[in-house]
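S.K.: Have a look at this one before I ask anything.
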Amino acid sequence: MHKGQAKKELKRQLNALFKSMDFVSKNFLNNEKISKRKLQVYFNIYQQLGLAWEYLGLQCSHWDGYKRTRDKKVACKICGKIRGTDDFYILLSKKGPKKMGMKAKPNSKKTFETKKDAEIINDTIDFYGALVNVDVHNSYKSSVLGQGISIAAERIVNVKEENVECSIDQRLIHVRLRYKDRKPGKKKYGGFPWEIKRKHLEHFPVIFDFDEKYRFLGLTILK
Ligand SMILES: [Zn+2]
C-alpha cells in the first residue's frame, strides 16, 4: 500500500475506534443506573477496544508529530500514543525482511551489582523453528564465581537449529553439536589442530577456508 494511503486508512480506523471507545465510556462506564454485572461486561469491551488501539498504534509512524495532552504529556496526533512509552507488542510485516529492535551493545563502563541491573536485552525468537537469542549486558559482579570476580560486558548472539548451536560474542565463535547418546557430565577435550595427532584429526569433518596468504576465511563442518 502507498504510504499516504496507509496513513489515511489508519487515521480512518483509529477515528472509528476512538468513537467506539467514547461511546462505551460515555453511555455505559459513566452511567450510574447500570447494574454491576453489565458494567463489568462494558468494562471488558472497553479493555478489548484498548487492545485494538494498541495493535493499530503499532502501524503508526507518528507522521504528523505530537501534541500536548491535558495531563501535560506529549501524544501522537494520529494514534494518541504517549511519546517515550514502551510498546507491549511488536509489529512485523509479512512480506520482506523483518526487523525487530535496534542493535544493542554494552553501554556502560560501570560494573553493576547484579546481573539484572547489568542487562540491556536478553530476548529470544523462535523463527520458523530456528531459535535466536540475543543477550547484551554490561559488566556485573558474579554471584556464582565468587567474590571479587566480575563478568565482562558482552553482546552474545546464539542460534540453535536442531542439534547444532552457534554462539557468537566479541571474542569467540563457538559451534556445538549435541548428540543424544552423549551422557551429561562426560569429559570434553579441546586443542588447536597442530596439537592433535593426524590420525585423530581424521575423525573431524572440518574444512578450513583460507586465502593465498593463509588468512583464515572460515570453516565448513560436514554433518
Ligand atoms: Zn502515532
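Where a number appears in this text, it was derived from the coordinates with a stated rule and is not lab data. Everything quoted here is computed from the prediction, not taken from an experiment. No Cβ is skipped: glycine too gets one built from the backbone with ideal geometry, and neighbour counts run over all protein chains shown.
S.K.: Could you grab the relative contact order for segment 3-76? Cα pairs under 8 Å, six or more apart, rounded to a whole percent. Show your work: numbers first, answer last.
M.R.: On the way: 34 pairs, mean separation 21.0, N = 74.
It rounds to 28 percent for segment 3-76.
S.K.: For a quick protection proxy, order the peptides 187-198, 100-111 by their average other-Cβ count within 10 Å, most packed first.
M.R.: Details: 187-198: 7.5, 100-111: 11.2.
Descending packing order for the listed peptides: 100-111, 187-198.
S.K.: Let me ask something else about it. If the only charges are +1 at each Lys and Arg Cβ and -1 at each Asp and Glu Cβ, what is the size of the charge dipole of segment 1-120 around the Cα centre, to the nearest 20 debye? Walk me through the intermediate numbers first.
M.R.: Details: 29 positive and 11 negative charges, 73 e Å.
Using Cβ point charges on Lys, Arg, Asp and Glu, segment 1-120 gives about 360 debye.
S.K.: Let me ask something else. Along the positive direction of the dipole of the chain (beta-carbon charges: Lys, Arg +1; Asp, Glu -1; about the Cα centre), which of G57, V144, F192 reaches farthest?
M.R.: Sorting the options by dipole projection puts first G57.
S.K.: A further question on this structure: Give me the Kirkwood hydrodynamic radius of the chain, using the inverse of the mean 1/r over all pairs of distinct Cα atoms, in Å to one decimal.
M.R.: Values: mean 1/r = 0.0422 Å⁻¹.
After inverting the pairwise mean of 1/r, the radius is 23.7 Å.
S.K.: Which is farthest toward the positive dipole end of the chain among I121, A75, N133, measuring Cα position about the Cα centre, with Cβ charges +1 (Lys, Arg) and -1 (Asp, Glu)?
M.R.: A75
S.K.: Across segment 30-42, in residue order, what do the Karplus-derived ³J(HN,Hα) couplings come to in whole Hz, using 6.51 cos²θ - 1.76 cosθ + 1.60 with θ = phi - 60° and x for Gly and Pro?
M.R.: 9, 10, 6, 7, 6, 6, 4, 5, 5, 4, 5, 4, 6
S.K.: May I pose another question? Could you tell me how many degrees, from 0 to 90 and to the nearest 10, lie between the Cα long axis of helix 3-24 and the main elongation axis, the longest principal axis, of the Cα atoms of the chain?
M.R.: Relative to the chain, helix 3-24 is tipped by roughly 60 degrees.
S.K.: Could you size up the charge dipole of the chain around its Cα centre, putting +1 on the beta carbon of Lys and Arg and -1 on that of Asp and Glu, and report it in debye to the nearest 20? Don't skip to the end; give the middle numbers.
M.R.: Details: 47 positive and 25 negative charges, 132 e Å.
Its charge dipole is roughly 640 debye.
S.K.: Enumerate the residues in segment 131-150 having an amide nitrogen under 17 Å from the point lying 7 Å beyond the Cα of I221 toward its Cβ.
M.R.: 131-133
S.K.: Sum up the charges of everything whose Cβ sits under 15 Å from the Cβ of K19, counting Lys and Arg as +1 and Asp and Glu as -1, but leave K19 out. Intermediate results must be reported in sequence, preceding the final value.
M.R.: Values: positive: K11, R12, K26; negative: D22.
Once positives and negatives cancel, what remains is +2.
S.K.: If you don't mind, another one. Show which lysines lie in cross-link reach of K188 when reach means a straight Cα distance below 23 angstrom and same-chain residues fewer than eight apart are skipped.
M.R.: Partners within reach: K160, K180, K197, K199, K223.
S.K.: Filter the GluC sites (Glu not before Pro) in segment 1-97 to those in DSSP coil with at most 14 other Cβ atoms within 10 Å of their Cβ, and list the result. List each step's numbers first, then the result.
M.R.: Details: sites: E9, E32, E54; in loops: E32.
Taking segment 1-97 and a limit of 14 other Cβ atoms within 10 Å, the loop GluC sites (Glu not before Pro) found are E32.
S.K.: Please report the net charge: other residues with Cβ closer than 14 Å to the Cβ of Y42, K and R +1, D and E -1. Present the calculation step by step, with values, prior to reporting the outcome.
M.R.: Details: positive: K26, K33, K36, R37, K38; negative: D22, E32.
Taking every Cβ under 14 Å from that of Y42, the sum is +3.
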